Structure formats: C-alpha cells, structure tokens
Amino acid sequence: MAARSALAVLLGLHMLLQIISAPLYSASALSTSYYDKSCPQLEKLVAYAVSKAIKNDNTVPAALLRMHFHDCFIRGCDGSVLLNSTRNNKAEKDGPANISLHAFYVIDNAKKAVEAACPGTVSCADILALAARDAVALSGGPRWEVPKGRLDGRISLASETRLLPAPTFSLSQLKQSFSQRGLSVNDLVALSGGHTLGFAHCSSFQNRIHSFNATHDVDPTLSPSFATGLRNTCPARNVAKNAGSTLDSTATVFDNVYYKMLIQGKSIFSSDQALLSSPKTAALVAKFAGSREAFGSAFAESMIKMSSLTGGGQEIRLDCKAVR
C-alpha cells in the first residue's frame, strides 16, 4: 500500500514537472492560405492601412512590431493587447510595460476596411500579425508569408504584462522567457534584432548610465563616448517626460545596424548587452552584424515561429477594442 502511495506521489511530481517545463503556448494549425477564398482582399487592405499610416508617422513600424511581440508573449497571438480596459478590468495595453504602445488606430482602420469587404471573417489577431509583417517589409526588412487562422482572445489583464521580458533581463532570464514560449536561443538573438526599429525612454536604460554598481557609475561595457551622450540626454534627475534614445542610429530602417552597434558597445538595454555574454549568442550577433541578409532570413523565420503561438482565442471580434 505504501509502495503504491509513493508511486502515486512520484507520478504526480513527474506530471507537475512536465507542466512547469512545457512551453506556455503551442503552435496551432495555421495556414498561409486560410483566407484565400473567404477574404482574398485581406492582405492588400491591411498593407494599405499600414502604408498610409507610415507616410504620416515614421514611428508606426516600430510600434506595430512591438505591439505584435507584446501580444504574442502574454497569451499567445490572440489580439488581447488590442482590448481596451473596462470599468471592471485593467487590460494589457494599460499595464506598465505597455503604456508607451501606440498606433492602435492602424489596426482599427485596417479592421474597418476588412469588415467592409469580409464581414465577421478575419480576426484582429491575424490583422495585427499581418500589420507587423508589413511594417517590417515597408521599412526595408524581409517579407514573409504569414500563417493565418488565429482567433481573438477575450481575456486581457494588465497584471500579466509582468511576464514580458524586461530591458534589464540577463541572458539566463531571456533564455527562460523565450524557452517557455517554445522559442530557441537562435530565435532570441534574431528577434532581439527588432530593436533596429524604435525608441527607448530614459527609464528603460537608466540603470546602465547612473549608479550602475558599487564600483562603476556607468556600465563599463558601454562605449565611453556613447555613454556620455546618453547621460547628457538622460541626466540622473531627468524631468523631460519623453526623453530617451533611438535603439540604433537608423531607427526607421529595418537593417542590421543594431548588431553592429552592439559589438561597438553602443547598445541601449542591458538585455541587448546580455547577448554578448555567451559564446553562442555572441557568435550569432557577429553573424547578423556581418550579413543583413542572414539577419533578415533568421528574423523572418523566427517571426513565423513566434506569431504561430496561440493561446485561448475564442472569437472573431467585430471591434478590436472590445469583446463581442
């Protein structure tokens, strides 16, 4: 009897360990031809909405790419980041990590056009995945075929944004975050290259330029001249609300300059610098710094993998901001 009880406990522990070590989400059966018959105009309609927005605001590509990433890393790619908060619920977009997200109107405009052409057919999650791809392609980056067929989730919790990888993460923390989502070290380094687009507020890298540790005021891995520039932009008692730095020197062009600057000691986040802390990740950084084509190919492959992660999508929303 005691032996059976012990066996039951061991089996229970084994199952628990399997659950803990398993990816948070799994890839679903998506298809690049999912809407070929039901909404053949879909990709053109989304691309038009993205292109129109970029003409008026060159920060849109970075915003859409980050929005998609933040959507997929919470509950899988289910459009939950698009939902507005309600009287009884604070949604993801109002979580601390997402306060600076913007350009939601681009998805709303695309959804409006798609609904006019194909009512009740295309999920907001699919529109966001397509918009992120178009944002990259229209910025000079790679274009890939987006698998489609996602459903929109009905749950969006600001508290869950703590699950997003932070700009202060070490390599081990980054690897754990990505592996929980079934993403490899190669995916980690390739997807980090999304930082070739965009802007960071002072608060996200203040730890590297003021009171870094007991020995150094500034992170010694930073180029001294680069650090001086960041300190001038972001003084210790910064009061400028929107002060910060672009993530690389060509922040509206999707290229491999991010990796080149990383090698030069000119990265912005601690999590960027962390990519140089192991031989494998450092070798990938060097590979992508040396070849824009190699980076573009790896990024597209990893984006397909990441954007195929699904959570608990249940519906096709008519309005991306609210559940049906």
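The values are calculated or read from the model by the stated rules, or taken from the named source; none is laboratory data. Computed from a predicted structure; not experimentally measured. Note: areas computed on protein heavy atoms with side chains; ligands, DNA, RNA excluded. Shrake-Rupley method; radii C 1.70, N 1.55, O 1.52, S 1.80 Å.
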Average silhouette area of segment 182-247, convex hull of alpha-carbon atoms, in square nanometres: 5.9
Relative contact order of the chain, defined on C-alpha pairs under 8 angstrom at six or more residues apart (%): 26
Anchor LYS93: aspartates and glutamates whose Cα lies under 12 Å away (excluding residues fewer than 8 positions away in-chain): ASP71, GLU160
Probe 1.4 Å, accessible area per residue of the chain, Å²: 48
Diffusion coefficient, µm² s⁻¹, Stokes-Einstein with Kirkwood Rh over alpha-carbon pairs of segment 122-266 at 25 °C and 0.890 mPa s: 139
Cα pair count fraction exceeding 13 Å, expressed as % - segment 273-324: 72
Members of LYS44/LYS305; LYS175/LYS287; LYS148/LYS287; LYS90/LYS280 lying beyond 29 Å, as alpha-carbon distances in this model show: LYS148/LYS287; LYS90/LYS280
Kirkwood hydrodynamic radius (C-alpha pairs) into Stokes-Einstein, segment 231-324, 25 °C and 0.890 mPa s, D in µm²/s: 149
Segment 188-324 - percent of accessible surface contributed by carbon and sulfur, probe 1.4 Å: 55
Rg ratio (alpha-carbon, reference 2.2 N^0.38 Å) - the chain: 1.05
Stokes-Einstein translational diffusion, segment 228-285 - Kirkwood Rh over all Cα pairs, 0.692 mPa s, 37 °C, in µm²/s: 257
Average silhouette area of segment 52-141, convex hull of alpha-carbon atoms, in square nanometres: 6.5
